[in-house]
Amino acid sequence: MTNYPKVSVVIIHWNKVEYLQKFLPSVVASNYPNLEIVLADNHSSDDSVNFITENYPQIKIVQNGYNYGYAGGYNQALKHVEADYYVLLNNDIEVGENWIMPVIEAMEADTTVAAAQPKMLQYTNRNFFEYAGASGGHMDKFGYVFCRGRLFEKCEEDKLQYQNIEEIFWATGACLFIKAKAFHEAEGFDANFFAHMEEVDLCWRLQLLGYKIISVPESYVFHLGGGTLSKLSDKKTYLNFRNSLIMMLKNLPTAQAFWLIPFRHMLDLLSSVFFLINGFPKHSLAIHKAHYHFAKHFFTWLKLRKRVQATIKNKNLTGIYNKSVVWKHFVEQKQFYSEL
């Protein structure tokens with residue numbers, strides 16, 4: 001590749017200046033000829049912006065006037081970033097020197113690829129895939145997401161078993177490479193999501209527009225995870241369950257949505273019972289709050305559905321597992337992606 005497209009690594013951030021101190025040095029050391037680094041600050045109340053100004057004057061700062069969350073925060077910030085490719089990077093990720101080039105080369109080789117991700121490994125246990133993305137995201141027939149290298153909470157050891165470039169259903173929002181033109185064509189993230197599942201929704205919509213999503217495991221990064229909302233947070237449970245319902249209503253074909261969303265209501269009720277009997281009453285309540293909010297604003301989501309459905313150019317989606325990953329993992333005890 002001789003003409004290097006401009007890449008802007010955009011780091012969404014809210015407080016926790018210590019993450020910038022710990023992880024920014026690796027990002028600044030990235031080896032790519034046409035690179036810009038941007039801090040998208042979601043109205044931090046700590047010393048984050050001053051820290052960047054004083055220590056990294058080469059980093060562009062975009063300051064949002066409010067904490068819009070991940071989805072809205074990026075939507076606001078990317079209005080002020082001009083590039084061929086955005087790399088939407090969490091503030092708790094350590095990268096290698098040559099992590100950018102393999103992904104850009106793979107995306108440049110196929111004009112129909114809109115988004116991609118590197119291999120996601122754990123920061124604290126580096127031989128294991130990381131929860132948020134592993135080696136590429138998939139979805140089962142009932143709308144449950146999982147990864148090549150991660151089924152629910154079970155993260156596999158990385159033995160280079162998922163090392164090939166592969167088309168996937170969704171790419172992780174923790175380290176999302178996306179063509180700027182495609183991001184804006186899809187109208188960006190759904191800001192209603194605030195955080196969680198918004199990257200799955202965006203990738204779904206990109207596929208409906210006729211684009212591909214890929215995983216490029218030759219590139220890899222190390223993710224601390226849980227930096228904004230811990231996996232133990234009942235707010236995260238609420239957002240995941242609520243946003244999953246919104247996403248399905250927006251993107252599913254009518255015939256499928258008609259039966260699948262009520263079926264998911266039933267499955268989610270079972271999940272709430274599971275949380276309750278295992279001593280997590282706040283998580284059980286969070287699921288009921290999620291369903292209440294989904295129902296209360298149903299006609300808002302229905303308007304969003306009409307907008308999505310009107311733009312569909314492709315109905316043959318990649319990365320969907322036509323069975324139940326819940327059944328396979330929890331009943332048949334399948335622990336690894338390769339066993340599905």
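Every number in this text was worked out from the coordinates using simple rules, so none of it is lab data. A quick note: this is a predicted structure, and the numbers were derived from the prediction, not measured. Cβ atoms come from the backbone with ideal geometry, glycine included; neighbour counts cover every protein chain shown.
Remarks
- Given R0 = 41 Å, the distance between the Cβ atoms of residue 273 and residue 185 translates into a calculated FRET efficiency of 0.45.
- Summing Cβ point charges (Lys, Arg +1; Asp, Glu -1) relative to the Cα centre of the chain gives a dipole of roughly 1480 debye.
- Other residues lying with their Cβ under 13 Å from the Cβ of residue 182 contribute a combined charge of +1, Lys and Arg counting +1, Asp and Glu -1.
- Distance between the 7 Å Cα→Cβ label points at residue 43 and residue 97: 4.2 nm.
- Alpha-carbon centroid distance for the pair segment 157-192 / segment 107-147, whole angstrom: 7 Å
- From least to most packed, judged by other beta carbons within 10 angstrom and beginning with the fewest, 271, 215 follow the order 271, 215.
- Segment 209-321 shape via C-alpha gyration tensor axes, a/c threshold 1.5: oblate
- For peptides 257-265, 186-194, sequence by mean Cβ density within 10 Å, most packed first: 186-194, 257-265
- For segment 128-145, backbone phi angles converted through the Karplus equation (6.51, -1.76, 1.60; θ = phi - 60°) give residue-by-residue couplings of 10, 5, 9, 3, 7, x, 6, 10, x, x, 10, 9, 8, 5, 9, x, 8, 9 Hz, Gly and Pro being listed as x.
- Rounded to the nearest 0.05, the FRET efficiency derived from the C-beta distance between residue 126 and residue 309 at R0 = 45 Å is 0.55.
- Net length available on complete extension from residue 21 to residue 60 is 12.4 nm, with 0.36 nm assigned per residue and the Cα-Cα distance removed.
- Going from the fewest other Cβ atoms within 10 Å to the most, the residues 245, 269 appear in the order 269, 245.
- Zone of residue 297's modelled label, taken as backbone nitrogen in segment 161-199 under 15 Å from a point 7 Å along Cα→Cβ: 189-198
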